[in-house]
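Take a look at the structure set out below.
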Amino acid sequence: MKTVSVDLPDDVYEATLRCAAKNDTSIEAMMTAALAEVGERREMVSPADFERLQKLQNDVLASIEHFSVRNLLTRDELHDRRLFR
């Protein structure tokens, strides 16, 4: 296990301390979870995959020839199940 020292502004430290107390955990546990999540997210998509997915997204958006919000349902129509029977 490695030890890391971090300087935090007082208000950030105090807010983090309150959050840890509220969730019955420690700042160390919160930071460990947060940093593990950052590491997992970075590993989920490689730079090559990111570029591939970005190109795919751009291609899909470019292929949309016509889109109009006029044809969308209102909120009430969307939730009125009788319209779909």
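Rundown of residues vs (1) aliphatic (A, V, I, L, M); (2) surrounded by 10 or more Cβ atoms within 10 Å (Cβ to Cβ), yes/no style:
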site	(1), (2)
31	yes, yes
37	no, yes
40	no, no
49	no, yes
57	no, yes
61	yes, no
64	yes, no
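When you look at residue 36, is it small (Gly, Ala, Ser), closer than 30 Å to residue 4 by Cα and within 17 Å of the chain's Cα centre (by Cα), yes or no?
yes
Limited to the stretch 9-68, what total is found for residues that are assigned to a loop (DSSP other than H, G, I, E, B) and modelled with pLDDT of 90 or more?
Total meeting the criteria: 4.
For a quick check of your reading of the model, give me the residue pairs whose first member lies in the stretch 1-21 and is surrounded by 10 or more Cβ atoms within 10 Å (Cβ to Cβ), whose second is at pLDDT below 90 and among the hydrophobic types (A, V, I, L, M, F, W, C), with beta-carbon atoms closer than 9 Å and at least 6 apart or on different chains.
The qualifying pairs are 16/8.
The values are calculated or read from the model by the stated rules, or taken from the named source; none is laboratory data. As the structure is a prediction and not an experimental result, all values here were calculated from the model. For neighbour counting, all protein chains shown are included, and Cβ atoms are generated from backbone atoms with ideal geometry for every residue, glycine included.
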